[in-house]
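What follows is a single structure, written as structure tokens, with notes after it.
Read the figures in this text as sums done on the coordinates, not as results from a lab. Just so it is clear, the structure is predicted and the values come from calculations on it, not from any experiment. Every residue, glycine among them, receives a Cβ derived from its backbone with ideal geometry; neighbour counts consider all protein chains shown.
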Amino acid sequence: MNTAYDKEIRLKLLKILEKEHDLTQREMNQKMGVSLGKVNYCLTELAKKGMIKIERFQKHPKKSAYLYRLTPTGIEEIAKLTIQFLKHRLHQYDEIKVEIENLSSEISKIDSELCSDPKLKEVLKKILT
């Protein structure tokens with residue numbers, strides 16, 4: 001659970017559990033857009049690392065048989081992952097901005113009329129200034 005993608009999934013899952021600790025794993029997987037197996041694996045790993053506590057209770061017909069509660073470690077992890085995720089996204093933004101500048105420059109060298117779409121020109125102007 002250490003790739004950027006895994007950290008993003010962990011952050012999403014922790015944020016979901018912060019708001020709704022009585023969801024079923026199926027509800028979590030639907031909210032996150034990842035497989036049920038991935039949710040199960042992540043929950044197990046988060047519990048092993050002490051970030052969540054899994055509590056079993058008498059099953060109610062409309063509810064899960066488990067509660068997933070964040071621990072203080074889990075709350076700290078949300079803050080840490082949020083900062084890491086923001087840094088990662090800012091780095092991606094910088095890379096994309098350079099790529100846009102390069103592509104825009106290439107188009108201008110070839111033929112400025114290729115980029116005749118006024119909306120595209122407006123967006124490029126905002127990005128490149």
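Sorting the segments 78-90, 116-128, 29-41 by their residues' average number of neighbouring beta-carbon atoms within 10 angstrom, most packed first, yields 29-41, 78-90, 116-128. Relative to the Cα centre, the charge distribution of the stretch 16-111, modelled as +1 at Lys and Arg Cβ and -1 at Asp and Glu Cβ, gives a dipole magnitude of about 840 debye. Based on alpha-carbon atoms, the Kirkwood radius and the radius of gyration of the chain give Rg/Rh equal to 1.22.
Adding -39500 (n - 2.57) for every DSSP H run of four residues or longer, then dividing by how many residues the chain holds, sets the calculated 222 nm ellipticity at -22500 deg cm²/dmol.
Among Glu106, Glu45, Glu20, the residue with the largest mean-square fluctuation in a Gaussian network model of the chain, with springs joining Cα atoms closer than 10 Å, is Glu106.
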